[in-house]
Amino acid sequence: MDQALVVRAQQDDQRAFETLAAVVYARLYRLAHGILRDTTMADDATQQALINVWRNLPRLREPSRFEGWCTRLLVNACHDQARRAPRWTSIDPSQVHEPMAPDAIGPVADRVVLEQGLSRLSLDHRTVLALRYLLELTPDEIADVLDIPRKTVYSRLRRAIASMRAALDAEARPALTRAVPSEANR
């Protein structure tokens, strides 16, 4: 990130901020969608994060840490969105989208199972998974973004991965059918 651009934006240069926002928007939206699993909520969280960036940019002490700081503001906006969202939602067919990148992993059924597994995770677990695997941040970078100890990041990653494995294993097991007694057995 161009630190001079960040400094200009800190001095109320609106064009510099627009350039910065354009640079980070796709990354922030992708992370928000990874955390919230909902396009509308992800868009709202991204917009709120960018508003917070603009409002608080003069207070950023280290322009070199702009992207990490934006990520932290986005995670906070995602958590705010999740708190405001209803606990139970129905699946809206218009919310089912193609993946953001070409998917060479498998059929649509695999993506559905993956989405179901992710939806069962807590917000904290989805957050660390999204930071680790969508943004490819290291555990130290995640700890810095979330302002939590590194050991907590490792713990959340382990639990999130274990929960995903359990969900995927449960989906892979064939459903047990109840045996119906035949006429001969009655």
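The values are calculated or read from the model by the stated rules, or taken from the named source; none is laboratory data. In this text, all values refer to a predicted model and were calculated from it rather than measured experimentally. Here the Cβ is made from the backbone with ideal geometry for all residues, glycine too, and neighbour counts use every protein chain on show.
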Residue 147 passes all but one of the listed conditions (1) free of Cβ contacts under 8 Å to residues at least 60 places away in the same chain; (2) more than 14 Å from the chain's Cα centre (by Cα); the exception is number (1)
Could we say that residue 140 is over 27 Å from residue 41 (Cα atoms) and at pLDDT below 90 here? no
Evaluate segment 167-184: report whether one residue or more is on the phi > 0 side of the Ramachandran plot and at pLDDT 65 or above. no
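Could you identify the single residue in 49, 45 that is part of a helix (DSSP H, G or I) and within 11 Å of the chain's Cα centre (by Cα)? Outline the logic, then answer.
Working: 49 fails: within 11 Å of the chain's Cα centre (by Cα).
Unique residue meeting the criteria: 45.
Taking the condition free of Cβ contacts under 8 Å to residues at least 12 places away in the same chain and closer than 26 Å to residue 132 by Cα, does residue 14 pass? Walk me through how you get there before you give the answer.
Working: free of Cβ contacts under 8 Å to residues at least 12 places away in the same chain: yes; closer than 26 Å to residue 132 by Cα: no.
Against the criterion (free of Cβ contacts under 8 Å to residues at least 12 places away in the same chain and closer than 26 Å to residue 132 by Cα), residue 14 does not qualify.
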For the structure I just gave you, tell me whether residue 124 is at pLDDT below 75 and assigned by TED's automatic domain parsing to the domain that holds residue 162. no
What do you reckon, is residue 121 within 23 Å of residue 85 (Cα to Cα), under 10 Å from the mean Cα position of the chain (by Cα) and not basic (Lys, Arg)? no
Condition (residue is closer than 30 Å to residue 117 by Cβ, surrounded by 16 or more Cβ atoms within 10 Å (Cβ to Cβ) and free of Cβ contacts under 8 Å to residues at least 24 places away in the same chain) applied to segment 22-31: is it met by at least one residue? yes
